[in-house]
Amino acid sequence: MNVKDQFANAENELKKGRVKAAVDALKSILQNQPDEPNSLRLLGLIALGQKDYKASVEFLEQACRSAPNFLYARLDYGRALFFSGKLKEAFEVLARTCDQQPSAESFQMLGNVQAGLGRRDDAVTSFKKSIELDPFRAQISSGVKALGNKDSAGAEKIFREVLKRSSDHVHALIGLASVAMDAGAVKDAKKLLNHALKISPNTESIWRGLARAHSESAQYEEARKAAERAVELAPEVADGWTMLGTVLAGALEPEKARDAFAKALQLKAQQPRVLLSLGHVEKTIGDSGASERAYDEAFKIDPSLGEAMWSKADLKTYRFKPEEIEAMNHQLGQGISNRSDVAAFHFALGKAYEDDQAYELSFSHYQSGNSIKAEIEPFPMEEFKSRNKQIRKAFSRPPERVERANESPTPIFILGMPRAGSTLLEQILASHSLVEGTMELPQILNFTRDIESKKDGYKLLFSEEGPEIADNFAKRYLEETETFRTGKPYFIDKMPNNFPHIGFIAHVMPNAVFIDARRNAMDCCFSVFKQNFARGQSFSYGLEVVGNYYQEYRAMMKHWQTVLPGRVKEVNYENVVNNLEDEVKALLDYCGLAFERDCVDFHKTKRSVRTASAQQVRQPIYKSGVEHWLNYEAWLGPLKEVLESKD
């Protein structure tokens with residue numbers, strides 16, 4: 001077998017994951033030809049992948065001596081020196097390579113080394129030169145444009161074509177990762193970005209992408225570190241500060257998020273969507289005036305941005321001026337291309353006319369907004385029902401576990417339908433000295449998707465390894481939510497969508513407390529219908545759909561009351577409104593907490609609130625939400641019919 005065939009065999013072994021066999025084949029080549037450059041380079045790359053930097057440097061240095069004009073061997077040699085911490089030597093090798101054999105890859109790696117040496121300006125120059133020399137520059141630009149136009153399929157095709165011809169193309173990897181994240185394939189995005197990181201570890205946009213990916217997975221510590229690294233590498237890039245602000249807002253650090261968004265706007269003014277984010281964190285903090293100003297500025301910059309006006313409406317306490325209503329109606333006649341913004345204008349106008357008691361006109365806009373959102377985000381009702389049926393079958397009896405006496409802290413799950421008073425209950429409980437208020441935490445939803453994706457699904461919890469699996473989920477839950485807690489013995493998870501998973505939670509965390517936030521069905525469902533949710537509640541966009549979802553919710557809660565009697569406390573919004581103090585006492589007693597007056601005076605508690613009711617729970621109790629649906633009764637026949645047909 002000649003050297004060419006032997007090398008091809010080694011590459012084939014490596015593709016199959018048989019690293020030792022590949023190494024043996026390459027070393028066999030070197031026994032006869034000690035200076036064979038391709039074999040030396042591949043051995044150096046294998047050692048680099050195994051983080052054996054010393055061996056990697058030795059192999060690659062020898063490859064470069066054997067073939068001085070072997071560009072990729074020189075690039076890999078510089079990379080090996082870089083990862084081994086020999087930055088000055090790496091700079092000398094790569095600077096010489098850029099002079100003698102300038103390429104996109106050589107300048108990209110040189111930029112990484114310069115960034116590592118703290119020579120930021122030189123690094124920026126090298127990165128720009130890398131882009132200028134990139135033979136795929138036009139394709140990458142087209143892919144980025146497709147991403148901006150929400151053409152994910154077109155963008156994916158472009159980035160994949162580039163990667164077929166250049167598997168380590170950093171910007172194609174970043175672009176494809178963005179496509180993956182838009183599609184919800186966060187694991188795939190992380191894999192792509194981590195591969196890009198091995199090629200160009202000091203590229204700010206890779207770290208920014210990782211920050212988004214970790215944030216999507218609710219891994220806020222990792223997201224924060226990635227965002228901070230992006231800002232550290234490129235403090236002059238506004239997008240890095242925007243991502244840091246987004247991560248900090250997600251981690252419930254609104255004051256720090258506000259500072260990051262302000263920095264982004266300082267570096268690059270006239271960013272309407274960054275202003276929206278700034279307005280959202282001001283709302284979370286409780287500064288409604290600052291929130292309104294940010295939304296106003298966003299709308300001033302981009303009058304087609306319906307989300308800016310909906311965000312003002314979503315303050316709930318804001319009343320639109322006649323000229324604002326006129327401006328929104330005008331925009332609806334302008335043929336706005338972004339359907340989400342069109343829907344947002346309709347929802348905002350629904351709220352504006354509702355406040356003016358023009359209920360028929362109000363309903364027509366709510367209906368229009370919902371119709372658009374239903375097209376954008378259709379809800380898989382049959383799939384939802386089927387999943388709930390499987391869950392009920394899996395958890396048809398109480399968990400057979402001994403309750404551990406020393407479990408701490410105790411999670412309080414407030415769940416049920418959105419707009420049922422859950423934020424009010426959270427604010428009441430979070431006003432207690434022993435209770436930590438957090439936010440709508442996504443961990444349980446992530447865990448249940450995880451276990452359902454496995455072959456035996458929930459049966460694993462009832463297997464011999466079940467107790468260990470359950471304990472691991474409990475540990476993960478406490479670890480992943482730690483960033484939101486300060487050490488109090490109780491904390492609140494207010495994700496309403498957790499209601500199908502009460503059986504899973506009770507199995508994993510026997511000390512968990514469950515509170516079902518319940519509200520009059522018509523009031524609750526219509527309030528959901530009026531809400532333009534940011535994400536995750538696509539069942540809300542249609543009267544029949546929300547009615548069917550509500551009935552599924554009732555069926556699930558009835559099941560849990562049967563399987564876990566006494567474990568779930570139903571708290572009716574109307575009862576809380578009409579008899580606040582007695583309901584607060586009963587709620588605290590159920591949670592095992594002593595009565596504290598601050599829980600009745602909940603509106604005085606200063607804390608971050610991230611839901612649509614943020615402004616409302618900062619006011620004393622009010623009754624205007626009770627039987628509010630009656631104002632719209634003439635148009636709610638489809639909802640009433642669904643709710644009555646299954647009672």
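The values are calculated or read from the model by the stated rules, or taken from the named source; none is laboratory data. Keep in mind that what you see is a predicted model, and the values were worked out from it rather than measured. Note that we place each Cβ from the backbone using ideal geometry, even for glycine, and neighbour counts take in every protein chain shown.
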- prompt: Out of all the residues in region 119-134, is one or more within 19 Å of Ala196 (Cα to Cα), surrounded by fewer than 23 Cβ atoms within 10 Å (Cβ to Cβ) and basic (Lys, Arg)?
  reply: yes
task: Identify the residue in region 269-291 that is of a type in the set (D, E, K, R) and under 24 Å from Glu216 (Cβ atoms) and, among all such residues, is modelled with the highest pLDDT.
output: Arg273
query: List, please: which pairs have Cβ atoms under 6 Å, are six or more places apart or on different chains, and start with a residue in region 573-592 that is basic (Lys, Arg) and end with one that is not in a helix (DSSP H, G or I)?
result: Lys585/Phe595
- request: Go through region 356-369 residue by residue and tally those that are in a helix (DSSP H, G or I) and either in contact (Cβ under 8 Å) with a residue 60 or more places away in the chain or under 12 Å from Lys530 (Cβ atoms) (or both).
  value: 8
message: Cβ-Cβ distance below 6 Å, separation of 6 or more or different chains: which pairs start in region 65-81 with a residue that is not in a helix (DSSP H, G or I) and end on one that is not charged (D, E, K, R)?
response: Ala67/Pro37; Phe70/Pro37
- prompt: Among the residues of region 303-352, how many are assigned to a helix (DSSP H, G or I) and either under 21 Å from Gly289 (Cβ atoms) or not hydroxyl-bearing (Ser, Thr, Tyr) (or both)?
  reply: 32
- prompt: Quick one: is Ala420 among the aliphatic types (A, V, I, L, M), assigned by TED's automatic domain parsing to the domain that holds Ile505 and in contact (Cβ under 8 Å) with a residue 60 or more places away in the chain?
  reply: yes
- request: Within region 480-511, track down each residue that is charged (D, E, K, R) and closer than 14 Å to Ile444 by Cβ.
  value: Glu480, Asp493, Lys494
